[in-house]
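Comments concern the structure below.
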Amino acid sequence: MSPATPDAVPDRQRQVEDDLVRTVLASFDDADDPRLKELMQSLVRHLHAFIREVRLTETEWQQAIDFLTAAGHITTDRRQEFVLLSDVLGASMQTINVNNAAGEGATEATVVGPFFVDGSPEIPLGGDLAAGAPGEPCWVEGTVTDTKGNPVRGARLEVWEADDDGFYDVQYDEERVAGRAHLFTDDQGAYAFWGLTPTPYPIPHDGPVGKLLDRTGRSPLRAPHLHFMATASGLRTLITHIFVEGDELLARDAVFGVKESLIKNFTRHKAGTPTPDGRAWPEHTWSRVRFDIVLQQA
Ligand SMILES: [Fe+2]
């Protein structure tokens, strides 16, 4: 038997369901913390509206419980299935949107993702963060300014990215650090470093979230990107990525992280083209991208 549609719910039944919503909402009335009360009552309103709108079956409810149970079982210190679930539902990105309105021309934020780790090595300006990770070299350069255009000297830039095989260093068993580093802007607020031309990679998809993507015909692939975190005293910390202009995955990033302003032109150069820092690589191509970062007041 198919479930009844919401419109087909008889008045008496509707009354029973309304009464339950009211009773559950009232159960939080005496919560001491007003914010917690607001969160829980709003959650109850939306959750009950969802259950009633789709006329959730008991089998479907049990499947949802089983799904969450599996997400809990696969979660460890190094694997966070609930963050993945939040990401593929767009909830992570919407929380960032709500909390990071980029005003006055400041650079927009996007998801931090699961692969940032503290303690990256420092590299000098013009240094190489790849540290042996395979991939095409990419010269990344730009400035850090505030919203009035003043250069920010000594801004700390944390940068991390996947290698050519689509893996971050922490996804390998060995302890090596590669494809991540931090550096500081110079007196003019400028920075430059060698990284890798970003390539696509799938979010971990061997668990319940991967199954969900599969069942719904969605790809686990992320649009190629390079992660940045910019911090400077008196200014708001920015966590963002830059994306590769023209990439076919921009419109269907698995975690909805792409913003138009963060799509950058990665210019490709033939093998042997002199690099900005005077190297000559006769044997391989390289790319170049500019990313000027504007930080808001704290
Ligand atoms: Fe990433």
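The values are calculated or read from the model by the stated rules, or taken from the named source; none is laboratory data. Being a predicted model, the structure only gives us computed values, none of them experimental. Here Cβ is always computed from backbone atoms with ideal geometry, including for glycine, and neighbour counts include all displayed protein chains. To get the accessible areas, we keep the full protein, side chains included, count just its heavy atoms, and leave off ligands, DNA and RNA. Shrake-Rupley method; radii C 1.70, N 1.55, O 1.52, S 1.80 Å.
Filtered by the rule that a residue be among the aromatic types (Phe, Trp, Tyr) and surrounded by fewer than 18 Cβ atoms within 10 Å (Cβ to Cβ), region 257-298 gives a lone residue, Trp281. Residue under question is Gly90, and the condition is that it be in the same structural domain as Gly210 (by TED's automatic domain parsing) and closer than 30 Å to Val255 by Cβ; does it hold? Yes, satisfied. Can you name the residue in region 104-120 that is loosely packed, with under 14 Cβ neighbours inside 10 Å and closer than 24 Å to Glu260 by Cβ and is also farthest from the ligand (Cβ to nearest atom) among such residues? Out of the qualifying residues, it is Glu104.
Determine, yes or no, whether Leu221 is assigned by TED's automatic domain parsing to the domain that holds Trp139, open to solvent by 40 Å² or more (accessible area, probe 1.4 Å) and on the phi < 0 side of the Ramachandran plot. Don't jump to the end; show me each part of the working.
Numbers: assigned by TED's automatic domain parsing to the domain that holds Trp139: yes; open to solvent by 40 Å² or more (accessible area, probe 1.4 Å): yes; on the phi < 0 side of the Ramachandran plot: yes.
Yes, satisfied.
Residue check: is Tyr172 open to solvent by 50 Å² or more (accessible area, probe 1.4 Å), among the hydroxyl-bearing types (Ser, Thr, Tyr) and in the same structural domain as Thr273 (by TED's automatic domain parsing)? In short, yes. Please verify whether Ile96 is within 17 Å of the chain's Cα centre (by Cα) and open to solvent by less than 60 Å² (accessible area, probe 1.4 Å), treating the condition exactly as stated. Answer is yes for this residue.
Being closer than 25 Å to Leu213 by Cβ, among the hydrophobic types (A, V, I, L, M, F, W, C) and surrounded by 13 or more Cβ atoms within 10 Å (Cβ to Cβ) is true of Ala71.
Looking only at region 137-155, how many residues end up being crowded, with 18+ Cβ neighbours inside 10 Å, more than 16 Å from the ligand (Cβ to nearest atom) and not polar (S, T, N, Q)?
7
Determine if region 13-35 includes at least one residue that is without any contact (Cβ under 8 Å) to a residue 12 or more places away in the chain, of a type in the set (A, V, I, L, M), assigned to a loop (DSSP other than H, G, I, E, B) and in contact with a helix residue (DSSP H, G or I) (Cβ under 6 Å, 6 or more places away or on another chain). Can you show your working first?
Going residue by residue through region 13-35, those that are without any contact (Cβ under 8 Å) to a residue 12 or more places away in the chain are 13-16, 18-19, 22-23, 26-27, 29-35.
Next cut, of a type in the set (A, V, I, L, M) only: 16, 26, 31.
Imposing the further condition that a residue be assigned to a loop (DSSP other than H, G, I, E, B) reduces the set to 31.
Checking the rest, the ones that are also in contact with a helix residue (DSSP H, G or I) (Cβ under 6 Å, 6 or more places away or on another chain) come to 31.
Checking region 13-35: at least one residue is without any contact (Cβ under 8 Å) to a residue 12 or more places away in the chain, of a type in the set (A, V, I, L, M), assigned to a loop (DSSP other than H, G, I, E, B) and in contact with a helix residue (DSSP H, G or I) (Cβ under 6 Å, 6 or more places away or on another chain).
Within region 121-136, the residues that satisfy the criterion of being out of contact with any Asp or Glu (no Cβ under 6 Å at 6 or more places or on another chain) and either open to solvent by less than 30 Å² (accessible area, probe 1.4 Å) or under 20 Å from Arg222 (Cα atoms) (or both) are Ile123, Gly127, Leu129, Ala130, Glu136.
Just a yes or no: is a residue in region 5-18 closer than 29 Å to Gly207 by Cβ, among the polar types (S, T, N, Q) and open to solvent by 80 Å² or more (accessible area, probe 1.4 Å)? No, that holds for no residue. Among the residues making up region 188-207, those that are outside any strand (DSSP E or B), more than 12 Å from the ligand (Cβ to nearest atom) and open to solvent by less than 30 Å² (accessible area, probe 1.4 Å) are Gly189, Thr197, Gly207.
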